[in-house]
Amino acid sequence: MKIRVNRDVLADAVAWAARVLPSRPVMPVLSGLLLVAGEELSVSAFDYDVSAQARIDADVAETGGVLIPGRLLAEISRSLPGDEVQIVTEGQEAVLTCGSAEFGLITMPVEDFPTMPTMPPAVGAVGGGVFASAVGQVAPASSRDDTLPMLTGIRVDIDGETVTMAATDRYRIAARTFTWRPARPDIAVSAMVPARVLVEVAKSLRGGEVQVAMGDGVAGFESVGRSTTVRLLDEQFIDYRTRLTSDWSIRADVRVGPFVEAVKRVALVAERNTAIQLAFTQGQVTLRAGGGDIGRGTEVLECDLRGDDIEIAFQSQFLLDGLTGIETELARLNMESPTRPALIQDVPGDADPAVRYLVMSLRLGA
C-alpha cells in the first residue's frame, strides 16, 4: 500500500475510529485500526460489539491494507506537522512520513482482523442536529451500572414518521419525540441501543443527515462518510409512556435560562447528596439549599403557578439534567405532592411537548 493524504483529514478520521477501540482487548488485533486503500481510504475499528469506519479521500498510488496499533496511530497523527502524510507498507512496517518526521510502525496481520459487520437495512433518516439533540436530552437518564444492561441503553421506538427515544436509571425517566423521514410509511421498530454508543455517534455525526439502520440484532448509523454499527441490548424495557402521562393538579412555568442558573448558584452550598428545595407560591418560586456546615443559599424567581402552593425537593444534578434538555423558553414542572415524582417538559405553544423528564422528589430537609 502506498498513499498520500491530508494530515488534518487523516488525524480526524483516525481519532474518530479510535474512540471505539477497547481499553482491554481480548485479542491484540482488536487494538488495531485497519487502513484499506482503494478508490478512497477507509479507517476501521471493530471489537465484535461496536464498529466504526471513516472513509476519506486519498491519493492512492498502490492499493492494499494494513493493520496498525490504533491508539499509537491516533497520537502520532495528531502530533504530525501540517504537511501531507505519506503511508507506505514495507514488510512488517508501515512507514509514515510527514515533512521531516518519519515513523516506522510494526503492523499486525490483516488476515487476523475480524470481518467488519455489514450495515443492516435502512429504517429512516433524520437531521444530524435533531438526532444529537434528542440523544443529549435522554442520555443523562441512562444508568452507568452494567449489572442491569437494560438501564444502560436508550430505547428507540419508531412508528412511521415519529421516533421516541427514552432512558431510565430508576430515579428518573427521560423521553424525546421527534419526526423524521422513514424508509417506508408503515415502519414500526423498537430497539435498545447502548447509550454510550449513541452518545458518541451523536457527537460525531452532526453533519448532514443521519441514516439509521436496524436488523438482526444490530443498529447502524451513517453520515458524511462515517458509519457505526452496534450490537443491540435485550429489548426488555419499562412501560415508560404510562408513567409520563398523568393528570397533574399543580403546574409551574418558569423561564429555563434564569431557572437553570439559579439552581446552579444555590446548589453550590448543597452538600453531597442533599436536596435543593423549591417553594412554589403564586407568582414566584424560592430556591433554597444548604444550612449545614458549608452555609446556605436562597434565590427567588418569577413563575406562573397553577394550582396550590407546594414545597418540593430534588437532587440538584437530576433537576439540572432535566432542565438543560429543554429547548423552549419556558419549562413546565408538573407536580402532585412533595412525595411524588415531578414531570418536567417543554412548553412548545399549541404543540404537544417533545421533551418529558420524570424525576423523583426527595424528602424535604434531606
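Things to note:
- Helix 128-138 and the longest principal axis of the C-alpha atoms of the chain enclose an angle of approximately 50°.
- Over the chain: helical MRE at 222 nm, DSSP H runs n ≥ 4 each giving -39500 (n - 2.57), nearest 500: -5500 deg cm²/dmol
- The slack in the chain from D186 to R19, taken as 0.36 nm per residue of separation less the alpha-carbon distance, amounts to 56.6 nm.
- Amide H to amide H distances under 5 Å link I250 with M335, where only residues 5 or more positions off or on other chains count and H is placed in the peptide plane.
- Between the range 310-366 and the range 266-286, the alpha-carbon center distance in angstrom: 13
- Derived scalar couplings between HN and Hα for the range 18-23 equal 5, 5, 9, 5, x, 6 Hz in order, rounded to whole Hz, by the Karplus curve 6.51 cos²θ - 1.76 cosθ + 1.60 (θ = phi - 60°), x for Gly and Pro.
- Of the options (i) 18.4; (ii) 21.6; (iii) 29.4, only one is mean projected area of the Cα convex hull in nm² as computed from these coordinates, and that is (ii).
- T162 paired with D253, simple spin-label distance in nm, labels 7 Å along Cα-to-beta-carbon: 2.3
- Placed amide H near G291: partners under 5 Å, 5+ positions off or other chain: R296, G297
- Y240 - accessible surface, heavy atoms, 1.4 Å probe, Å² rounded to 10: 10
- Multiplying the residue separation of E329 and T298 by 0.36 nm and removing their Cα-Cα distance gives an extension gain of 8.9 nm.
- In the context of the full set of protein chains, residues of the chain present 48 Å² of accessible surface per residue (probe radius 1.4 Å, heavy atoms only).
- For the chain, built as a Gaussian network whose Cα springs stay under 10 Å, the top-fluctuating residue of G297, G128, G82: G82
- With R₀ fixed at 25 Å, the C-beta to C-beta distance from D239 to T147 puts the FRET efficiency at about 0.70.
- Whole-Hz Karplus values for the range 336-342 come out as 10, 7, x, 9, 9, x, 10 Hz, taken residue by residue from phi with 6.51 cos²θ - 1.76 cosθ + 1.60 and θ = phi - 60°; glycine and proline positions read x.
- Highest mean packing comes first when the peptides 161-168, 305-312, 228-235 are listed by Cβ atoms within 10 Å, giving 161-168, 228-235, 305-312.
- Each residue of the range 3-10 was assigned a 3J(HN,Hα) from its phi angle through the Karplus curve 6.51 cos²θ - 1.76 cosθ + 1.60 (θ = phi - 60°); the sequence is 9, 10, 8, 4, 4, 5, 5, 5 Hz, with glycine and proline shown as x.
- In the range 123-204, the portion of solvent-accessible area held by carbon and sulfur atoms comes to 52 percent [1.4 Å probe, whole percent, DNA, RNA and ligands not counted].
- Averaging the Cα positions of each part gives two centres, and for the range 1-51 and the range 154-221 these lie 25 Å apart.
The values are calculated or read from the model by the stated rules, or taken from the named source; none is laboratory data. Note that this is a predicted model, so its numbers are computed, not measured. Heads up, the Cβs are rebuilt from the backbone with ideal geometry, glycines too, and the neighbour counts pull from every protein chain shown. What goes into the accessible areas is simple: the full protein's heavy atoms, side chains included, and nothing from ligands, DNA or RNA. Shrake-Rupley method; radii C 1.70, N 1.55, O 1.52, S 1.80 Å.
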